[in-house]
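Data first, discussion second: the structure below is written as structure tokens.
Nothing in this text is a laboratory measurement; each read-out follows from the coordinates by a stated rule. Please read these numbers as outputs of a predicted model, since none were measured by experiment. Cβ coordinates were reconstructed from backbone atoms using ideal geometry, including for glycine residues, and neighbour counts include every protein chain displayed.
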Amino acid sequence: MAAATGAIGAAAPGQRGGVLQTLRDSWVVAKRNLRRMTRIPEIVVFGMMQPVMFVLLFTYVMGGAIAVPGTTDHNAYKQYLMAGIFAQTVTFAVAGASAGIAEDMTKGLVDRFRSLPMARSAVLVGRTMADLVQTALTVVVLALVAFAIGWRIHKGVLEAFGGFLLLLLLGYAFSWIGALIGLSVRSPEAATSAGLVWLFPLTFLSNAFVPVSTMPGWLQAIAYWNPFSATVQAVRDLFGNLPPGQVQTEWPMQHAIGVSIGWSVLIAVLFSMLSVRKYRSAAG
Amino acid sequence: MAGAAISAEGLVKTFGDVRALDGVDLDVPEGTVLGLLGPNGAGKTTTVRVLTTLLKPDSGHATVAGVDVLKHPNKVRSLIGLSGQYAAVDEYLTGRENLQMVGELYQMSARDAKARALELLDWFNLGEAANRTAKTYSGGMRRRLDLAAALVVRPPVMFLDEPTTGLDPRNRMALWEVIETLVGQGTTLLLTTQYLEEADRLAHDIAVVDHGRVIARGTADKLKAQIGGERVEVVVQSAIDLDAALEALTPHAMGEPTVEQHTRRITVPVEGGAAVLADVIRELDARGIVINDIGLRRPTLDDVFLSLTGHATMGDADENTATGKKTAGKDS
């Protein structure tokens, strides 16, 4: 009984507010999601295995049949492929965010959070930040595997670092799409499918796995303007993995770094605004 | 509205064609418990969601602890504790981590949140399980953890939405004791329940809700007195005798008798007490009807509900009977 009337904590804690509270609340939620990852390591491990499979399948099964323009070197596809795999991997953060948030909705946790005097964006910011950590871990493991089978970075440390930053930015932006999906669907299972059903075509309708110049003309336009393609092109460039002698004449390919940042920022801003608005009125 | 910890006027909320709330008025004086009683879909949960800032009403006005729910939702959130129909805990966090997280999100310092978490875990008999993930907890333990989460800041006003739904009788009793202790410490409580017994035991005041409206309001005793009289309850041994028994009882009935086929139970409102009971037994005996059980009892909240709404409290007949039995047992 004494505990309930004890002296710790105030009955009505003071209001904070502002950016500092948002950051602190987001950190509390991110901590929670990171802890969950350590408790369910399967999710992280399987999340890493999928892109590793892709690398192996594309390199050894399909790689032989895909010609990289401007070279006959068999090893060239491996170099070409990795940027695509990296970009695809980071965008799979969509699935994690959407399933996780949908689960919190169905289990009543979102209701609990919404009844607490915490920043309205913190549940989603915390979730996407934790997903970003998982994405970064996956990228590191993937890079090590790729290195082991012969992929190399041919440019400087700064450029390579920039390439990884572009990838993480893209992944972070896409996790906000996942957040909106998670808040909109009725079950975690639906969230997983809803997260992947458009993502697969989006990643394949790009320069990630095959040169866009091999596609029909009308598809080429879509592929070149795909947010995905800009990042892949930029990362290829920053890793020094562009096929030798390849000349890109399309505007988004010539300005790939800027276009990549632009798309990512646009997606992140747009979908975080939509998601937070949805969260405020979420019916759990 | 001095003295009212919770007050609501004319709350209306529609979902498509459904008027979930059709003008709900409530006031709960400080330090008291209001039981919101009604069947599934009556509007209990929607009312709680509006009062706890989770849902905006289409129209109406509400204050909690004197703060306007619509104008200052975040201020309200710092003054309330909510425990919903699900045990809303993260099953991959330990009990301590769950409570500490909630404390920090109530804007307590990390250190205070941790100390409070440990304090509450002990109080709720979860001290031993503090460092185990909630996944390993039993249903009753999760509910206690969820209730503890609603108590982290010692809120002056608490909302418990069907806190014991799905719990076995032992855990239900244990939770009732916890709730009674809280109320003894001066917390104002709004409790929703489908269990008449629960409202009867915990609430000072009961509001009966049906189709989004408060259709009756008062203490349990007042509501029972409102429909007056006593009930004769007969359980016959064989279902074939139900019609004959009903015939024997009808001359004594002061209102509509109710028949439950599968439990072979007939309930009739009567006046005249024990003398009527003796008459009834003689008549049943004369007709050769074998009875398993017969008794005279005061009306239960079940009867109140039936006479107010024309339907029983719950769709599920089995559950309904079980509750009725328990309530009857307690009253007799």
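Give me the distance between the Cα centres of the stretch B:280-305 and the stretch B:213-270, rounded to whole Å. First find each Cα centre; the distance between them is then 8 Å. For the pair B:Val12 and B:His262, label points projected 7 Å from Cα toward Cβ lie 4.0 nm apart. For chain A, the Kirkwood estimate of hydrodynamic radius, built from reciprocal distances between every pair of different alpha carbons, is 20.2 Å.
Please give the length that would be gained between B:Asp58 and B:Ser109 if that part of the chain were fully extended, namely 0.36 nm times their separation in residues minus their C-alpha to C-alpha distance (nm, one decimal). Full extension of this stretch gives 14.7 nm more. In chain A, with Lys and Arg counted as +1 and Asp and Glu as -1 at Cβ, which of these residues, A:Ala97, A:Ser281, A:Leu168, has the Cα nearest the positive end of the dipole, that is, farthest along it? Sorting the options by dipole projection puts first A:Ser281.
Computed from the Cβ-Cβ distance with R0 of 35 Å, the FRET efficiency linking A:Lys155 to A:Phe200 stands at 0.70.
Taking all Cα pairs closer than 8 Å and separated by 6 or more residues, the relative contact order of chain A comes to 27 percent. On the basis of the beta-carbon distance and an R0 of 41 Å, A:Val269 and A:Leu137 show a calculated FRET efficiency of 0.95. By other beta-carbon atoms within 10 Å, ranking B:Val24, B:Val280, A:Val247, B:Val67 with the fewest at the front produces A:Val247, B:Val67, B:Val280, B:Val24. Taking every DSSP beta bridge that has both ends in the protein assembly as shown, the antiparallel portion is near 65%. Protection proxy ranking of A:173-180, A:217-224, by the mean of other Cβ atoms within 10 Å over each peptide's residues and highest first, is A:173-180, A:217-224.
You can think of it this way: the chain between B:Arg287 and B:Ala253 has 10.4 nm of extra reach, that is 0.36 nm per residue less the Cα-Cα gap.
In this rough spin-label picture, where each label sits 7 Å from Cα along the Cβ direction, the B:Asn131-B:His211 distance is 5.8 nm.
Computed from the alpha carbon atoms alone, the convex hull of the stretch B:184-303 holds 129 Å³ per residue. For chain B, the mean residue ellipticity at 222 nm estimated from helices alone is -11500 deg cm²/dmol, where every DSSP H run of n ≥ 4 contributes -39500 (n - 2.57) and the total is divided by all residues, rounded to the nearest 500.
Summary of packing: across the peptides A:69-77, A:98-106, B:38-46, the per-residue average of other C-beta atoms within 10 Å ranks them, highest first, as A:98-106, B:38-46, A:69-77. A protection proxy built from the mean count of other Cβ atoms within 10 Å ranks the segments A:84-95, B:169-180, most packed first, as A:84-95, B:169-180. Derived from the Cα gyration tensor, the three semi-axes of the equivalent ellipsoid of the stretch B:4-219 are 28, 19, 16 Å, largest first. Dividing the Cα radius of gyration of the protein assembly as shown by 2.2 N^0.38 Å, with N the residue count, gives 1.25. How many angstrom separate the Cα center of the stretch B:25-80 from the Cα center of the stretch A:198-252? The two parts, judged by their Cα centres, are 54 Å apart.
Screening chain A for whole DSSP H helices with an alpha carbon extent of at least 30 angstrom along the helix axis and a mean Kyte-Doolittle hydropathy of at least -1.0 yields A:18-39, A:122-148, A:157-184, A:256-280.
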